[in-house]
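Peer 1: Quick one: this structure, given as structure tokens, is what I'll be asking you about.
The values are calculated or read from the model by the stated rules, or taken from the named source; none is laboratory data. Computed from a prediction, not measured in an experiment: that's the story for all the values here. Neighbour counts run over all protein chains shown; Cβ positions are idealised from the backbone, glycine included.
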Amino acid sequence: MRDLRSLEKIAVTGATGFIGAHVVSELVASGCRLILSVRSPKDRDRFGPYGANLRAELLDPGDPASLAGFIRKERPSVVIHLAGTRGRTKWERAAVACLESNTLATVRLLSAALDTGVKRIVVMGSAEEYGSQSGPLNESLPVVPDSPYGISKAAATALALALHRSDACPVVVLRPFSVYGPGQPLDMFIAEAVAAAVRNAPFRMTEGLQRRDPVFVRDVVRAIIAAAATPRIDGNVINIGCGQAYRLKDVASMIWKLTGSASPLLIGERHDPSDRFTDTWANVDKARTLLGWEAQTNLEAGLAETIAFARQSIREDKQLCQAM
């Protein structure tokens, strides 16, 4: 495995996102030199405390080619491409936003990386590329995505692999499953449930029979770094999950048990969205073989850490309010 600390520069896109922030923290702690793409002065300022090994460059949010321009200007050795959108709006608007941010921006970035001699590009795909198929899901399955997000990610993956075949693009695509952990936005199931439990607020959910493969964010970061550092794996798509399926109702019940929340857990009181696939969990044999990676954090331990973070955030918010 190549030591990333020896590289002149590692570029991270989407550095202010949930996974991106954890990746940046880990790489800086390891002594790597980073260049980040950000879209606002506020985002750039938040990285000031990291010191001399990190620099954040401001992109033009209105310029669709700005990300590729960033790569051409900085000429990094490795690119970790985490930027994108989930497109949580009406279908047509979501499709346009996802194709622009997740597909076209990725193609532009890959082209720029090829032009500048980047040694490895790690692109984040998604389990949603598989669509509604029975698990465990392996990378040899055809992709049949049924959401704008999944479609845009599948298109980006297909184009990345085509560039690898035609021009030896040094790209690796990771397909994370249900990532969770400290700092996750509250529009995701586990984060929303944890927030309700620690605040003793009612939590309404579906019957929760659909199964997911929850993978802790720190394990995902390890997989990303392994994909960036492992030689001779260009052109591969690799699932990142625990390889275990949990019903959402059981995940929620575990959260309530760990928090001791007095608030009601209202299973079955929210309608099942018709546009969501039912079950998804990963076959992770390829990750073990190619990356020497497997998840190290079991669900109970990961939820406990996520709960502790949420409680600490509440305490800090209260102290800030009292100081104002």
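Peer 1: Can you tell me which residues in the range 3-33 are charged (D, E, K, R) and more than 15 Å from the chain's Cα centre (by Cα)?
Peer 2: Filtering the range 3-33 for residues charged (D, E, K, R) gives 3, 5, 8-9, 26, 33.
Within the range 3-33, Asp3, Arg5, Glu8, Lys9, Arg33 meet the criteria.
Peer 1: Taking the range 36-58, which residues are crowded, with 19+ Cβ neighbours inside 10 Å and touching a Ser or Thr at 6+ places or on another chain (Cβ under 7 Å)?
Peer 2: Those that are crowded, with 19+ Cβ neighbours inside 10 Å and touching a Ser or Thr at 6+ places or on another chain (Cβ under 7 Å): Ser37, Val38.
Peer 1: Go over the candidates Ser101, Ser126 one by one and state the one that is in contact with a helix residue (DSSP H, G or I) (Cβ under 9 Å, 6 or more places away or on another chain), farther than 15 Å from Pro176 by Cβ, buried (at least 16 other Cβ atoms within 10 Å of the Cβ) and not β-branched (Val, Ile, Thr).
Peer 2: Values: Ser126 fails: farther than 15 Å from Pro176 by Cβ.
Exactly one residue qualifies, and that residue is Ser101.
Peer 1: What residue, among those in the range 19-35 that are in contact with a helix residue (DSSP H, G or I) (Cβ under 7 Å, 6 or more places away or on another chain) and closer than 21 Å to Pro185 by Cβ, is surrounded by the most Cβ atoms within 10 Å (Cβ to Cβ)?
Peer 2: Looking at the filtered set, the residue picked out is Val23.
Peer 1: Does the range 255-273 include one or more residues that are modelled with pLDDT under 95, surrounded by 17 or more Cβ atoms within 10 Å (Cβ to Cβ) and not acidic (Asp, Glu)?
Peer 2: Within the range 255-273, none of the residues are modelled with pLDDT under 95, surrounded by 17 or more Cβ atoms within 10 Å (Cβ to Cβ) and not acidic (Asp, Glu).
Peer 1: Looking at Asp279 and the list (1) touching a Gly at 6+ places or on another chain (Cβ under 7 Å); (2) part of a helix (DSSP H, G or I), which single condition is not satisfied?
Peer 2: So the condition that Asp279 fails would be (2).
Peer 1: While we're on this one: List pairs: first in the range 133-144 and farther than 17 Å from Val173 by Cβ, second among the charged types (D, E, K, R), Cβ under 6 Å, 6+ apart or cross-chain?
Peer 2: Gly135/Asp279
Peer 1: At least 2 residues that are more than 30 Å from Leu266 (Cβ to Cβ) in each: list the strands (runs of 3 or more DSSP E) lying fully within the range 131-231 that qualify.
Peer 2: On the way: elements: 171-176, 178-180, 203-205, 214-216.
Per the criteria, 171-176.
Peer 1: Which is among the polar types (S, T, N, Q) and within 22 Å of Leu186 (Cα to Cα), of Thr289, Thr206? Even if it seems obvious, please write down each step before you answer.
Peer 2: Working: Thr289 fails: within 22 Å of Leu186 (Cα to Cα).
When all the criteria are applied, what remains is Thr206.
Peer 1: Suppose we filter the range 221-258 for residues that are free of Cβ contacts under 8 Å to residues at least 24 places away in the same chain and in contact with a Gly (Cβ under 9 Å, 6 or more places away or on another chain); how many remain?
Peer 2: As a first pass, look at the range 221-258 and keep what is free of Cβ contacts under 8 Å to residues at least 24 places away in the same chain: 232, 253, 257.
The next check asks that each one be in contact with a Gly (Cβ under 9 Å, 6 or more places away or on another chain); those that pass are 253.
Number satisfying all stated conditions: 1.
Peer 1: Across the range 52-101, what is the number of residues that are assigned to a helix (DSSP H, G or I) and among the small types (Gly, Ala, Ser)?
Peer 2: Filtering the range 52-101 down to residues assigned to a helix (DSSP H, G or I) leaves 66-74, 91-101.
Next cut, among the small types (Gly, Ala, Ser) only: 66, 68-69, 94-95, 97, 101.
The number of residues fulfilling the criteria is 7.
Peer 1: Follow-up. Tell me, please, whether a residue that is surrounded by 17 or more Cβ atoms within 10 Å (Cβ to Cβ), closer than 20 Å to Gly181 by Cα and in contact with a Lys or Arg (Cβ under 9 Å, 6 or more places away or on another chain) can be found in the range 6-16.
Peer 2: Checked against the condition, which is being surrounded by 17 or more Cβ atoms within 10 Å (Cβ to Cβ), closer than 20 Å to Gly181 by Cα and in contact with a Lys or Arg (Cβ under 9 Å, 6 or more places away or on another chain), the range 6-16 yields at least one hit.
Peer 1: While we're looking at this one, here's another question. Any idea which residue in the range 282-324 is farthest from Asn138 (Cα to Cα), counting only those that are over 19 Å from the mean Cα position of the chain (by Cα) and outside any helix (DSSP H, G or I)?
Peer 2: The selected residue is Met324.
Peer 1: Moving on. Can you find, within the range 182-204, the residue that is surrounded by the most Cβ atoms within 10 Å (Cβ to Cβ) among those that are at pLDDT 95 or above and in contact with an Asp or Glu (Cβ under 7 Å, 6 or more places away or on another chain)?
Peer 2: Pro182
Peer 1: From the list Glu300, Glu316, Glu294, Glu305, pick out the single residue that is at pLDDT below 95 and on the phi < 0 side of the Ramachandran plot.
Peer 2: Numbers: Glu300 fails: at pLDDT below 95; Glu294 fails: at pLDDT below 95; Glu305 fails: at pLDDT below 95.
None of the others qualify; the one that does is Glu316.
Peer 1: Continuing with this model, one more query. Leu114: closer than 22 Å to Ser40 by Cα and buried (at least 16 other Cβ atoms within 10 Å of the Cβ), yes or no?
Peer 2: no
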